[in-house]
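Student: My questions all concern the structure below.
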Amino acid sequence: MAYKWDFGAVYAYLNLWLKGLGVTLGYSLGTVLGGLVIGVACGMLLLYRRRWVTLPIHYYVEIFRCTPLLVQIVWFYYALPIVLSVELPAWLAAGLGLTLYMGAFSTEIFRGGIISIDKGQWQAARALGMTNAELMRHIILPQAIKRMVPPFVNQSIIQLKNTSLLYVVAVPDLMYTGSVVVADTFRPLEVYTSVAAIYFAILYPLTLYAARLEARVDQ
Amino acid sequence: MTNSSTYSDPAGDVMVRASGLRKSYGTVEAVRGVSLEVKRGQVVVLIGPSGCGKSTFLRCINLLETPSAGTLQVGRRAIDFASSRSMPHGRDLARFRARIGMVFQQFDLFPHMTALRNVMSGPVIVKKMPQRQAEAIARELLGKVGLGAFTERYPRELSGGQQQRVAIARAMAMAPEIMLFDEVTSALDPELVGEVLDVMKQLATDGTTMIVVTHEMAFARDVADHVVVMDAGQVVEQGPAEEILLQPKNPRTVSFLSRFHSTIGERRA
């Protein structure tokens with residue numbers, strides 16, 4: 001007997017879906033912006049080349065890059081409140097993990113962008129008499145930011161997908177909403193197909209945009 | 001103009017005075033006690049085999065490299081590298097460098113700026129000069145190096161020779177007390193070398209104080225007041241251009257120059 005698809009059951013929960021979508025987009029935006037701030041701050045600090053500054057940042061980046069995000073989220077949710085012996089609301093604990101994860105990758109993107117600028121640019125600016133702040137602002141950053149944007153957009157796209165991991169700590173994002181609707185309707189096929197379709201509808205245009213950005217920088 | 005042995009300087013005519021300057025990288029000593037005096041309006045050409053430390057010495061003068069020992073005086077500012085306190089830092093270091101122009105082998109123009117903006121960058125960013133005033137200076141200098149019609153071009157739209165002329169104009173826009181040239185024609189196609197050397201000759205004629213590291217022996221012969229020969233991090237011989245290039249005494253100078261004799265022997269035009 002052929003399966004009878006019924007998306008009506010999915011549509012009936014429109015309000016819930018919209019809330020879930022809001023949570024997904026909110027977490028994506030929030031953690032991407034938070035990660036950007038961390039990335040710029042840590043990336044700048046790495047330029048100081050003092051070991052007591054760079055070493056902690058280096059370990060921060062590597063710890064978050066070399067452990068699975070799912071483990072980080074679960075750890076922040078269950079372990080961090082105990083370590084700090086403070087009550088952390090679920091949304092904050094989970095969001096903190098995602099933000100620090102994005103921050104680690106942003107730090108690498110920022111650092112990579114800066115060091116990709118030819119040494120000659122630094123020496124030419126210094127020879128003209130620019131201070132470090134002046135040469136950073138007028139010579140290095142304008143060139144480096146152009147190179148940072150495509151990898152940062154790509155990482156943001158991955159980050160939006162990663163928010164689906166919030167599901168495990170019961171943050172009501174798209175994915176979690178899906179599981180709630182499935183429990184109610186017993187229609188996993190329609191529900192999870194819809195969840196996938198929504199992610200795709202958001203991310204596909206973004207990847208096209210990222211590809212265009214990359215092509216522009218290559219010119 | 002070549003009485004290099006005079007060390008009294010009542011008129012403040014000495015622009016650069018280096019004595020016993022050393023620079024080492026770990027255990028390797030690239031500059032091993034170089035002393036040199038350059039007077040206002042003088043053109044000093046530094047020659048020597050690759051890796052002899054002449055570029056490193058040049059980069060010590062505007063502190064792109066920090067010498068490990070010795071003293072350096074540029075204008076009225078003297079630095080003794082034996083004491084870390086006299087080494088300028090931050091804004092002080094930037095101001096020190098702002099008085100010295102430098103042109104590099106690879107041009108190092110700012111790719112996100114037009115030729116005009118490149119030349120304006122020093123006056124606007126460092127001296128905080130109003131845009132219009134800086135633009136007037138930049139247009140005049142670009143005209144002087146023969147690029148008056150190329151002000152709106154980006155570096156990638158210019159030939160190597162044109163880029164290097166923009167780089168010279170960019171350095172000159174700071175109205176430096178002295179100009180340093182670090183093998184500025186070495187990265188150029190042979191047919192583009194002449195246009196850059198012509199600009200440098202013009203600067204010399206205008207009375208610009210210049211220290212030039214180069215392998216262009218004909219330029220040294222025609223333009224230099226004083227030639228300094230370096231080898232293995234030390235000055236092996238120095239004196240008036242004609243004397244050093246045509247009757248070198250030091251065997252290392254003789255062997256180095258033997259590779260260039262066809263160029264040096266040509267009669268002046």
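Student: Which of A:Ser156, A:Ser85, A:Ser116 moves the most in a Gaussian network model of chain A with Cα springs under 10 Å?
Tutor: Residue with maximal mean-square fluctuation among A:Ser156, A:Ser85, A:Ser116: A:Ser85.
Student: Let me see the P(r) profile for the protein assembly as shown: every Cα-Cα distance counted, bins of 10 Å, each bin given as a percent of all pairs.
Tutor: Result returned by the calculation: 4, 16, 21, 18, 13, 11, 8, 6, 3, 1, 0.
Student: Here's a follow-up. Let me confirm one metric for peptide B:113-126, namely the mean number of other chain beta-carbon atoms within 10 Å of its residues' beta-carbons. Could the numbers behind the result be given before it?
Tutor: On the way: counts 4, 0, 0, 0, 0, 1, 0, 0, 7, 6, 1, 1, 10, 8.
Mean partner shielding for this stretch: 3.
Student: OK, next. For chain B, what is the mean residue ellipticity at 222 nm derived from helices alone (per DSSP H run of n ≥ 4: -39500 (n - 2.57); sum divided by total residues; nearest 500 deg cm²/dmol)? List each step's numbers first, then the result.
Tutor: Working: 10 runs with 92 residues, N = 269.
Rounded to the nearest 500, it is -9500 deg cm²/dmol.
Student: Continuing with this model, one more query. By how many degrees, between 0 and 90 and to the nearest 10, does the Cα long axis of helix A:119-128 differ from the longest principal axis of chain A?
Tutor: The angle comes out at about 50 degrees.
Student: If exposed GluC sites (Glu not before Pro) are those in a DSSP loop with at most 13 other Cβ within 10 Å, what is the longest stretch of chain B that has none? Intermediate results must be reported in sequence, preceding the final value.
Tutor: On the way: sites that count: B:Glu152, B:Glu266.
Between the exposed loop sites, the longest stretch runs B:1-151.
Student: Please report the relative contact order for region B:100-176, taking Cα pairs under 8 Å with a sequence separation of at least 6, and give it as a percent rounded to a whole number.
Tutor: Values: 98 pairs, mean separation 37.4, N = 77.
For region B:100-176, the relative contact order is 49 percent.
Student: List the aspartates and glutamates whose Cα lies under 19 Å from the Cα of B:Lys249, skipping any in the same chain that are fewer than 8 positions away.
Tutor: Answer for B:Lys249, where 19 Å is the Cα cut-off: B:Asp225, B:Asp231, B:Glu237, listed by chain and number.
Student: Output needed: percent of Cα pairs per 5 Å distance bin for chain A, bins running from 0 to the one holding the longest distance.
Tutor: 1, 6, 12, 14, 15, 14, 11, 9, 7, 5, 3, 2, 1, 0, 0, 0, 0
Student: Which of B:Ser19, B:Ser121, B:Ser50 comes first, and how do the rest follow, when ranked by fewest Cβ neighbours within 10 Å? Walk me through the numbers before you get to the answer.
Tutor: Working: B:Ser19 15, B:Ser121 25, B:Ser50 9.
Lowest count first: B:Ser50, B:Ser19, B:Ser121.
Student: List the pairs from A:Lys19/A:Lys161; B:Lys39/B:Lys201; A:Lys119/A:Lys146; B:Lys144/B:Lys201; B:Lys39/B:Lys144 whose alpha-carbon separation is above 20 Å, in the order I gave them. Provide the component values of the computation, followed by the final result.
Tutor: Details: A:Lys19/A:Lys161 17 Å; B:Lys39/B:Lys201 17 Å; A:Lys119/A:Lys146 17 Å; B:Lys144/B:Lys201 12 Å; B:Lys39/B:Lys144 25 Å.
Check vs 20 Å cut-off fails for B:Lys39/B:Lys144.
Student: Stretched out fully, how many nm does the piece from B:Lys127 to B:Ala232 gain, at 0.36 nm a residue minus the Cα gap? Provide the component values of the computation, followed by the final result.
Tutor: On the way: separation 105, 0.36 × 105 = 37.80 nm, distance 3.85 nm.
Here the segment from B:Lys127 to B:Ala232 would lengthen by 34.0 nm.
Student: With an 8 Å Cα cut-off and a minimum separation of 6 or more residues, compute the relative contact order for region B:6-149 in percent.
Tutor: Details: 160 pairs, mean separation 24.1, N = 144.
Here the relative contact order equals 17 percent.
Student: Using every pair of alpha-carbon atoms in chain B, split the distances into 10 Å bins beginning at 0 and state the percent of pairs per bin, rounded to integers.
Tutor: 7, 29, 36, 23, 6, 0
Student: Sum up the charges of everything whose Cβ sits under 13 Å from the Cβ of B:Val166, counting Lys and Arg as +1 and Asp and Glu as -1, but leave B:Val166 out.
Tutor: That sum, taken over residues with Cβ under 13 Å, equals +3.
Student: Quote the Stokes-Einstein diffusion coefficient, in whole µm² s⁻¹, for region B:100-176, based on the Kirkwood radius over alpha carbon pairs, a temperature of 37 °C and a viscosity of 0.692 mPa s. Show your work: numbers first, answer last.
Tutor: Values: Rh = 11.9 Å.
So the translational diffusion coefficient is about 277 µm²/s.
Student: Related question: Work through the residues other than B:Gly146 whose Cβ is under 9 Å from its Cβ and net out their charges, Lys, Arg +1 and Asp, Glu -1. It would help to have the intermediate numbers written out before the result.
Tutor: Values: positive: B:Lys144, B:Arg165; negative: B:Glu195, B:Asp198.
Value of the local net charge: 0.
Student: To the nearest whole number, what is the average tally of beta carbon atoms from other chains within 10 Å of the beta carbons of peptide A:141-148?
Tutor: Values: counts 0, 4, 4, 0, 0, 1, 0, 0.
Mean partner shielding for this stretch: 1.
Student: Please state, to two decimals, what the Cα-based radius of gyration of region B:2-140 comes to when divided by 2.2 N^0.38 Å (N = residues).
Tutor: 1.19
Student: Per-residue Cβ counts within 10 Å, from other chains only, averaged over B:102-111: what number is that?
Tutor: Numbers: counts 5, 2, 4, 1, 5, 2, 9, 3, 9, 6.
For this peptide, the per-residue mean of nearby foreign Cβ atoms is 5.
Student: Also: How do B:Val223, A:Val83 rank when sorted from fewest to most other Cβ atoms within 10 Å of their own Cβ? Don't skip to the answer; put the middle values down first.
Tutor: Numbers: B:Val223 20, A:Val83 9.
Ascending Cβ contact count within 10 Å gives the list A:Val83, B:Val223.
Bear in mind these aren't lab numbers, they're just calculated from the coordinates by the rules spelled out. Note that the coordinates shown come from a computational prediction; the quantities given were computed from them, not determined experimentally. Ideal geometry is used to build each Cβ from the backbone, glycine not excepted, and the neighbour counts take in all protein chains shown.
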